[in-house]
Amino acid sequence: MDDLVNVHDFERRAADVLEAGVHGYYAGGAGDERTLHDNAAAFARYRLRPRVLVDVSETTAATTVLGAPVSMPVLVAPTALHRLAHDDGEPGTARAAAAAGTIFTLSTLATSRPSACAIDGAHQWFQLYVLKDRAVSTALMEEAVDCGFEAIVLTVDAPRAGRRERDFRTGFAVPPGIDMPAVQAATGAPVCPTPQEFFELVDTTLTWRALEELVDASPVPVVVKGVHTAEDALLAAEHGAAAVIVSNHGGRQLDAVPASLDMLPEVVDAVGDRVEVLMDGGVRRGTDVLVALALGARAVLVGRPVLWGLACGGEQGVARVLQLLHDEVQLGLTLLGAPSPSHVIRAHLTP
Ligand SMILES: Cc1cc2nc3c(=O)[nH]c(=O)nc-3n(C[C@H](O)[C@H](O)[C@H](O)COP(=O)(O)O)c2cc1C
C-alpha cells in the first residue's frame, strides 16, 4: 500500500480489487449522480487565503467534537456492510479509527454487532434508523449504548433508499454469509433481512416529535444526520439535537440537491453556537477539510475514503487513509497559518 499516497489512489485501487457489484454499491449515487459529483466538485470552487508570518511551530490538527478529544477534525461516517470490502469488517475499521484517535460511527446496517466493535477508551457513535416497530430501534440503540457508544446519530434523509441505478445494472445483492447481526437480533427474524427489506421497516411517518422522543429516551446525545437546510437545522436544535450533520448521504438519496458544502453556510449561520455543525460528502483531501472548517464546520466525516481503505488493506488500509488525511490536515493548517482547527475562519477562504 506504500504506493498509495492519497485518497484518490485508494479509490482507484479499490475499483480494481472490488467485485463490480460491490464497487457500484459503494461508489454509486442516486439518479444521475449530480449530487454525488457535486459533493466533491464543490470544494474546488473555493480557494484558500493563507496568512503568513504566523507562529505555526506548535500546529495541531486536534480538536474536540461533542466534548470528546479527537486527533483531527475528520471522523468516520457510518457506512453499511463493511464485510463486503474486507473480512476485517467494522471491527477493523473501529480499531483503525481508535488508533488514529478519531471517532468511529457504526451503521445500523453493520455486518458486526456493536459489542464486536466496542473499544475501551475510544470515542464511538452509533447510527440509528427509527423503525415502525419502536421496540426494534430501541433494542438497537440500547445494545450500542450498553457497549459504550457515546452518541446516537439519527439519520433522517433515508425514509426509503434512494434510486441507485448502478445496483440495478449490476444486479447487486448482498452475498450469502454477509449478515447484519444486530438488525437480525433486534427484529428476532429467523433470516436476516436484506438492506432493501430493512428499508421497508423504517418508519416513514417520522416527524420532529420523534426526535424529541428519542432525545428523551436516549442516555447519550443525539446527532441529526442528513440536514440540508437552515430551517431543519434550527428545528433539530429546538428539538434537542446536540449536533447536526449537513449531509446528503453521499449523494445516495435525493439526487439534484446541492453539495453538502454548499448547504453548510446557511446551516452555520442559522444555528450559531446552539449546536455543533458537522458535514460530510466529497471530502477527499486535507485542504477540503480546511475549506469546511472555514465555512464553519466543527469537523467533517468521511464515508467512501474509509471503504476504499478497507477494500485495499483491511484495518491497515483504513489506518493509512486516516493517517494520510491527518497529515494533510496538519500540513494544511501549518501552511494556512492556522495553528489549530479553531483558528480557521471564513477570511481564510475566497470563492
Ligand atoms: C456504501 C455506503 C453506505 C452508507 N451507509 C450508510 C448508513 O448505513 N447509514 C447512514 O447514515 N449513512 C450511510 N452512508 C452515508 C455516509 O454516512 C456519508 O453520509 C457519506 O458516505 C459521505 O459522503 P462520502 O462518501 O463522499 O464521504 C453510506 C454511504 C455509502 C457510500
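We did not get these values from a lab; they are worked out from the coordinates using the rules stated. Owing to the predicted nature of the structure, the values given are computational and were not obtained by experimental measurement. Glycine gets a Cβ as well: all are built from the backbone with ideal geometry, and neighbour counts include every protein chain shown.
Just so you know, the Rg over Rh for the range 150-189 is 1.06, from Cα atoms, with Rh as the Kirkwood radius. Scaled to the globular estimate 2.2 N^0.38 Å, the Cα spread of the chain, given as radius of gyration, is 0.93. Database remark: amide H of Ala299 closer than 5 angstrom to the amide H of Met279 (H placed geometrically; neighbours at sequence offset of 5 or more, or on other chains; Pro and chain starts carry no H).
Relative to the longest principal axis of the Cα atoms of the chain, the long axis of helix 134-146 makes an angle of roughly 50 degrees. Over the residues of the range 46-146, compute the C-alpha Rg and express it relative to 2.2 N^0.38 Å. Rg over 2.2 N^0.38 Å, computed on Cα atoms: 1.35. Calculation over all alpha carbon pairs of the range 113-269 in 5 angstrom steps from 0 returns a P(r) of 1, 9, 16, 19, 20, 17, 11, 5, 1, 0 percent.
As a proxy for reagent exposure, Thr350, Thr155 were ordered by neighbouring Cβ count within 10 angstrom, fewest first; the result is Thr350, Thr155. Taking the convex hull of the alpha carbon positions in the range 247-341 and averaging its projected area over all directions gives 6.8 nm². For the range 165-258, the convex hull spanned by the alpha carbon atoms encloses 140 Å³ per residue. Each residue in Lys132, Lys225 was given a count of other beta-carbon atoms within 10 angstrom of its own, and listing them fewest first yields Lys132, Lys225. Sequentially through the range 210-218, phi angles give Karplus couplings (6.51, -1.76, 1.60; θ = phi - 60°) of 5, 5, 4, 5, 5, 4, 5, 7, 8 Hz, Gly and Pro residues having no value and appearing as x. Temperature 20 °C, viscosity 1.002 mPa s: under these conditions the Stokes-Einstein estimate for the range 247-298, based on its Kirkwood radius over C-alpha pairs, is 187 µm² per second. In this structure the amide hydrogen of Ser112, modeled in the peptide plane, comes within under 5 Å of the amide hydrogens of Glu90, none closer than 5 places in sequence on its chain.
Here the sum of -39500 (n - 2.57) over DSSP H runs of 4 or more residues, divided by the residues of the chain, equals -12500 deg cm²/dmol at 222 nm, to the nearest 500. With N as its number of residues, the range 100-163 has a Cα radius of gyration that, divided by 2.2 N^0.38 Å, comes to 1.14. Convex hull volume of the C-alpha atoms in the range 8-91, normalised per residue: 188 Å³.
Taken about its Cα centre, the chain carries a charge dipole of roughly 680 debye when the Cβ of each Lys and Arg holds +1 and the Cβ of each Asp and Glu holds -1. The packing ranking, built from the mean of other Cβ atoms within 10 Å per residue, places the peptides 228-235, 174-181, 74-81 in the order 74-81, 228-235, 174-181, highest first. For Leu131, the residues whose amide H sits under 5 Å from its own are Ser137, Asp203, ignoring neighbours fewer than 5 places away on the same chain, with H placed 1.01 Å from N.
Computed across the range 293-351, the Kirkwood radius stands at 12.7 Å (inverse of mean 1/r, all Cα pairs). Using C-alpha pairs under 8 Å with a sequence gap of at least 6, the mean separation divided by the residue count of the chain gives a relative contact order of 29 percent. Listed values for the range 18-29 are Karplus-derived 3J(HN,Hα) couplings in whole Hz (6.51 cos²θ - 1.76 cosθ + 1.60, θ = phi - 60°), namely 7, 4, 4, x, 5, 4, x, 4, 6, 7, x, x, and x replaces Gly and Pro. Counted by Cβ distance under 9 Å from Ala40, the other residues give a net charge of -1, where Lys and Arg count +1 and Asp and Glu count -1. Each residue of the range 331-337 was assigned a 3J(HN,Hα) from its phi angle through the Karplus expression (A = 6.51, B = -1.76, C = 1.60, θ = phi - 60°), giving 5, x, 4, 4, 6, 7, x Hz with x at Gly and Pro.
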